[in-house]
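Here's the structure, in structure tokens; my notes come after.
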Amino acid sequence: MKKLLALLITTSILLTAFAQTKSVTGKITDASGAPLQGISVTIKGTLSGTTTAADGSFKLNAPENAILVFSGVGYEATEMSIRNRTVLDVQLITEIKALSEIVVTGTGVATEKKKLSIDVASVGNKDLAKSAIISIDQALIGKVAGAQIQTTSGEPGQKANIILRGINSLGSSNPIILVDGVQVTDINGLDVANVEKVEIAKGPAAGMLYGAQGANGVIQIFTKKGSRNKAISISLLSKVSIDKVILGKDKTLSAKYHHFTQDANGNILDRNGDILRPDSLGMWPEPAEDDFNTDFDLKNDKTYPSNLAMYNHLEQAYQTAVSTTNSLGISGGGNKTDYSFTLTHLNQENVLANRFRRTNMSANLGFEIFKGFTARNSTQVILQDEDLISGTYNVTSRIKYNVDALFEGTNNNRFEMINSYPWIDFTSTYPGTSLTVVRPRDENQVNVLSEKDWHSRYSKDTRIINNSNLNYKFPRFLELDFKYGIELWNSEFQDLYKNQEAAPQVALGFWGNTAQGSIRNDYAKSTYQNALSTVYFRTDFRKDFKIDVPITTTTQLSYDWRKLEYNSFFSQGLNLPQYPPTNISAAALKTSGDGRFEYITFGYLVNQTIDFGNLFGVTGGFRSDYNSQFGDQSEPFTFGRGTVYFRPVELLDVTRLTEWKIRAAYGAAGIPPNEFDGEYYSRQTTLGSIQLGEGVGLYLPNILGNRNLRVQEVRELEVGTDIIITPSAKEWLNRISLSFTYWNKNNRNNIQYVDLPPSSGAQQIRDNLIELTVKGADVSLDASMYTNKNVDWQLGVRFGTFKTKVDKVANGRDFVNGLFIVKEGESLGNFYTQNPLTSIDQTRTADKTRYIPENEAGDYEVVNGVVVNKTTKRVRLTDATDQAISGNAYPDFTMSFINNVTLWNKLNISMQWDWYRGNEIYNLTKQWMYRDRLQKDFDKSITVNGQTGAFVNFYNSLYNSVQRTGWFVEDGSFWRMRDLTFTYQLGSALNVPWVKGIAITASGRNLLTITDYEGLDPEATSAQDSQGNRSVGAGSNIGADYFSIPNLRSFQLGVNLQF
């Protein structure tokens, strides 16, 4: 009976509780009336709740007298009782995020933005370009003032070129990459979908905190986390992209007309006088040309015969590619836990050939073990594979030793296809086969479209990044923090060239080093560890000492340890049989090799921060580091910093002035020697070994070690101001935010190669030879242009400029490397060339003698700004020993304009334009096409000595045997529509309770380019010489167009579901 009574009472209570539960609906908006998606709606004191849909609506069941809590990132939490109410319309108030946002990077301690004394940019996930689906560096282009981020190739997996505040050395400009406070080795491959925000600290005053390698700045990526007391949230994103290469303003590089010898019927003849036609194997002979060396009036004005098929080689060279991205996100949390999981798969087709695939899996778990003690662990797994051919393969970044010579060159450039006669069909096959013709032209090049028949390769990468963090905050004064990260990266490569002895044209050309074929396997393994232990000691004079002075202090003591271990080995077989299996065991010759290195650095950081309320504050500190590259190091490398800010807004009673801060910082940081050329043992000489019979011989390397080599130092002073004003409380221009920073850096001990005499047994040695000065300014402007219930228009402008000047070079000598010169008193990035004479009485620089004797002056005239011989139509150049600076690879400034418009709370339109102004490009592609007189310039008419026509001699004389020539230095300035995205919020259009929101996105990337540059893509440049070799120590890593793969013009369609 008692049990029955208890059961009845319990049932009665439950039924009563159920009866007192009701359905509550509502809508959450911001101050302008725009709906807010993803706002957490929870029943206070419970874990029950929901989140708002795309239209701001929510629905949940709650007890009659419950209190609902509305919270979201960027908004003040609001509580509201539902007693006697079933419908709630809530307007959330924006936090003063511009001032109270917490910044971590470059500050040492978590700091409110209003108290920052250095310039740190913050880019949230919602601010990243929606059309950037490949990489984080791509998504940051144009988003940060003073950060010059440039994609230099349309190939999958290629890294962007990142420069923060100018060129600090003659080697790498790469900044440190942090993920959740722990350093990783590469930003490439990290998942865009897993990014919560990115912070960029641009100078040594911030980078000094991260040791003797922070001079190039810091980029820190914060991964997505879950939220406490939040119900599970699921998002699904799927996107398809159609990609084509950018083909310049004319869509061609080739001349429309020709000057070849023709018969009476208009047929082009070969050099034997026969009508031009391919041989039985598909190879075309060279056409006959009239002798322009004797026929000075020869013009490029003949039309091609209609019976000779013409082919668009750019269309044959680059295919349309289709890529897909799918991403799943799950997040939520309980009372003392939070979780976030992300899964993304990228399947990117290459515009050259084959595919690039990457799968990212991420997990971020947070726990509160007990009050004040928290633990967090984040894990990222990156699985990447590709079978790209006709590319740069991304091999040399992972293979440090015994690199195959075939990988060191580049056959991605489509040289043969672009610089070829228009009647050649590069897709043609041998009669009776499906094999593409290897040598369609009598030229020392192979047809890259035939590569797929004879060459196959693949690479697989497994990369695991795990970061752990333990943090304990004592009730007063102390906070202990420990971070440990480990990055495991295994790479596997296979490269197979088939036996081609039976190939139709084997005597004329083949793929690989030998017609008998080869197979090579490479393996690389690296382990990178970073441990950071920190003690924070905080005081508040009012709370802790009962002193009525608004002073707060933070003392930071840190120990930072990092270790990189790398191992690689390869095995190779040469001379393969013509029958399977094609493995190393079956090869006639076999070889192998390995290599390893270990790199350790550790240091101590002391940093002190003092704030006087919100009015002003100062910081000061130093960092001391030891580095394994300096095995004989007895004293640490020590760098200091000091910063200060002052906020006059605290003293002024100006209604419309929300913020005004003045700040200044001084700091120094270093760049270790390995950042110059990637060599970790540059201070010692390591003998190479070679097999001699049954023994081993030792030999000196080409570049000797230098035990006196020092760390490169960068010292920077930056001053700036941040202002926020609210000009109007009405719809137009109700908020303007401006940030300005000027900076000046002095860079010492920069490393460069020095040539050695033959008696040394080596060619060069590294030494600290050069001092640089870098000056520049950054400006960020954000404005709320127009806001009402139906329209919200936000504008962002980013501006950056810098110049790097060579202050001093040891012994005053000049260094010429590839196209560039490092010259005392001049800027880095200068092209150094012979140049066409611009006046008839021009003299030589050295002895001031005239190039053209006065008695011959009448034989010349100035045509299109250059001196031309009236008879031969040839341009007169300066001597090879009389070269001059003819341009600079770096822009005078970069600027971005970002517009974001939301209409009727449903349709969002975002547009970004990027502007690069004042840079030059050396057009090596054009110069090589001048060699065979095929470039489109040969169609352009000029007037010489009263005669008008497209004179072959004029342009041919400028080729100059592909030596550095200023004629090929062009204006590389451009405007580019970087991103155009339309997003429409369908809300709960499916009328399915568990679907909270649907968004349809259509976007385009690199849709329009406005430029005077005559190549394909002014952004796709590198630092290569006329033979395609990479220039090291040239002070530039951009500026040369050497048959580069253009960037992609992409059209994308995506759908995003919220559950």
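The values are calculated or read from the model by the stated rules, or taken from the named source; none is laboratory data. Just so we're clear, the structure is a prediction, and the values are computed from it rather than from any experiment. So basically every Cβ, Gly included, is an ideal-geometry build from the backbone, and we count neighbours across all protein chains shown.
Within the stretch 174-208, the set of residues being farther than 19 Å from residue 124 by Cβ, part of a helix (DSSP H, G or I) and in contact with a Ser or Thr (Cβ under 8 Å, 6 or more places away or on another chain) comprises 205, 206. One residue stands out among those in the stretch 706-720 that are crowded, with 18+ Cβ neighbours inside 10 Å and not charged (D, E, K, R): the one that is farthest from residue 209 (Cα to Cα), which is 706. For the stretch 578-588, give me each residue that is more than 16 Å from residue 495 (Cα to Cα) and either touching a residue at least 12 places away in the same chain (Cβ under 8 Å) or touching a Pro at 6+ places or on another chain (Cβ under 9 Å) (or both). Passing the criteria: 578, 588. The combined condition, being assigned to a helix (DSSP H, G or I) and buried (at least 16 other Cβ atoms within 10 Å of the Cβ), is not fulfilled by residue 522. For the stretch 631-645, the set of residues classified as over 18 Å from residue 605 (Cα atoms) and at pLDDT 90 or above consists of 644, 645, listed by residue number.
When the residues of the stretch 530-552 are narrowed to those that are out of contact with any Asp or Glu (no Cβ under 9 Å at 6 or more places or on another chain) and in a strand (DSSP E or B), which ends up farthest from residue 614 (Cα to Cα)? It comes out as 539. Of all the listed residues (748, 735, 798), the sole one being of a type in the set (Lys, Arg), at pLDDT 95 or above and assigned to a strand (DSSP E or B) is 798.
For the stretch 289-305, does any single residue satisfy the condition of being touching a Leu at 6+ places or on another chain (Cβ under 7 Å) and of a type outside the set (Asp, Glu)? For the stretch 289-305, residues touching a Leu at 6+ places or on another chain (Cβ under 7 Å) and of a type outside the set (Asp, Glu): present. Scan the stretch 659-693 for residues that are surrounded by fewer than 16 Cβ atoms within 10 Å (Cβ to Cβ) and of a type in the set (Gly, Ala, Ser) and the total you get is 4. If you filter the stretch 828-840 down to residues that are crowded, with 23+ Cβ neighbours inside 10 Å and among the polar types (S, T, N, Q), you find that the one that is farthest from residue 861 (Cα to Cα) is 830.
Residues in the stretch 919-937: is at least one modelled with pLDDT under 95 and surrounded by fewer than 19 Cβ atoms within 10 Å (Cβ to Cβ)? Checked against the condition, which is being modelled with pLDDT under 95 and surrounded by fewer than 19 Cβ atoms within 10 Å (Cβ to Cβ), the stretch 919-937 yields at least one hit. Once the stretch 246-295 is narrowed to residues that are aliphatic (A, V, I, L, M) and without any contact (Cβ under 8 Å) to a residue 24 or more places away in the chain, the residue that is farthest from residue 978 (Cα to Cα) is 264. Residue count for the stretch 512-529 satisfying the condition of being in contact with a Leu (Cβ under 8 Å, 6 or more places away or on another chain) and over 24 Å from residue 566 (Cα atoms): 6. Note on the stretch 842-893: residues that are assigned to a strand (DSSP E or B), over 22 Å from residue 961 (Cα atoms) and polar (S, T, N, Q) total 2. The listed residues are 696, 719, 754, and the only one of them that is assigned to a strand (DSSP E or B) and modelled with pLDDT of 90 or more turns out to be 719. Checked against the criterion of being among the aliphatic types (A, V, I, L, M), more than 19 Å from residue 942 (Cα to Cα), under 46 Å from the mean Cα position of the chain (by Cα) and surrounded by fewer than 16 Cβ atoms within 10 Å (Cβ to Cβ), the candidates 317, 309, 264 yield just one match: 309. Note on the stretch 808-827: residues that are surrounded by fewer than 19 Cβ atoms within 10 Å (Cβ to Cβ) and touching a Gly at 6+ places or on another chain (Cβ under 8 Å) amount to 1. For the stretch 429-452, residues that are under 18 Å from residue 319 (Cα atoms), surrounded by 18 or more Cβ atoms within 10 Å (Cβ to Cβ) and in contact (Cβ under 8 Å) with a residue 24 or more places away in the chain total 5.
The residues listed here are 554, 601; of these, the one that is β-branched (Val, Ile, Thr) and either in contact with a Leu (Cβ under 6 Å, 6 or more places away or on another chain) or more than 30 Å from residue 685 (Cα to Cα) (or both) is 554. Determine whether residue 229 is buried (at least 22 other Cβ atoms within 10 Å of the Cβ), closer than 22 Å to residue 332 by Cβ and touching a Gly at 6+ places or on another chain (Cβ under 8 Å). Judged against the criteria, residue 229 is a match.
The rows are residues; the columns are (1) closer than 30 Å to residue 944 by Cα; (2) modelled with pLDDT under 95; (3) crowded, with 17+ Cβ neighbours inside 10 Å.
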{"residue": "280", "(1), (2), (3)": "no, yes, no"}
{"residue": "290", "(1), (2), (3)": "yes, yes, no"}
{"residue": "300", "(1), (2), (3)": "yes, no, yes"}
{"residue": "303", "(1), (2), (3)": "yes, no, no"}
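Pairs meeting the criteria (first residue in the stretch 749-775 and touching a residue at least 60 places away in the same chain (Cβ under 8 Å) and surrounded by fewer than 18 Cβ atoms within 10 Å (Cβ to Cβ), second residue part of a strand (DSSP E or B) and of a type in the set (Ser, Thr, Tyr), beta carbons under 6 Å, at least 6 apart or on different chains) are 764/753.
In the set 555, 514, only one residue is out of contact with any Asp or Glu (no Cβ under 9 Å at 6 or more places or on another chain), in contact (Cβ under 8 Å) with a residue 40 or more places away in the chain, polar (S, T, N, Q) and part of a loop (DSSP other than H, G, I, E, B); that residue is 514. Only residues that are modelled with pLDDT of 85 or more, assigned to a loop (DSSP other than H, G, I, E, B) and among the aliphatic types (A, V, I, L, M) were counted in the stretch 124-145, giving 4.
Could you list all residues from the stretch 347-381 that are of a type in the set (Val, Ile, Thr) and either surrounded by 20 or more Cβ atoms within 10 Å (Cβ to Cβ) or part of a loop (DSSP other than H, G, I, E, B) (or both)? Hit for the stretch 347-381 is 351, nothing else.
Only residues that are closer than 21 Å to residue 244 by Cα and assigned to a loop (DSSP other than H, G, I, E, B): list them for the stretch 146-166, please. Within the stretch 146-166, 151, 152, 153, 154, 155, 156, 157, 158, 159, 160 qualify. Within the bounds of the stretch 618-630, is there any residue that is closer than 30 Å to residue 728 by Cβ, at pLDDT 90 or above and out of contact with any helix residue (DSSP H, G or I) (no Cβ under 6 Å at 6 or more places or on another chain)? No, the conditions are met nowhere in the stretch 618-630. For residue 596, state whether it is buried (at least 16 other Cβ atoms within 10 Å of the Cβ), in contact (Cβ under 8 Å) with a residue 24 or more places away in the chain, under 31 Å from the mean Cα position of the chain (by Cα) and assigned to a strand (DSSP E or B). The answer is no for residue 596.
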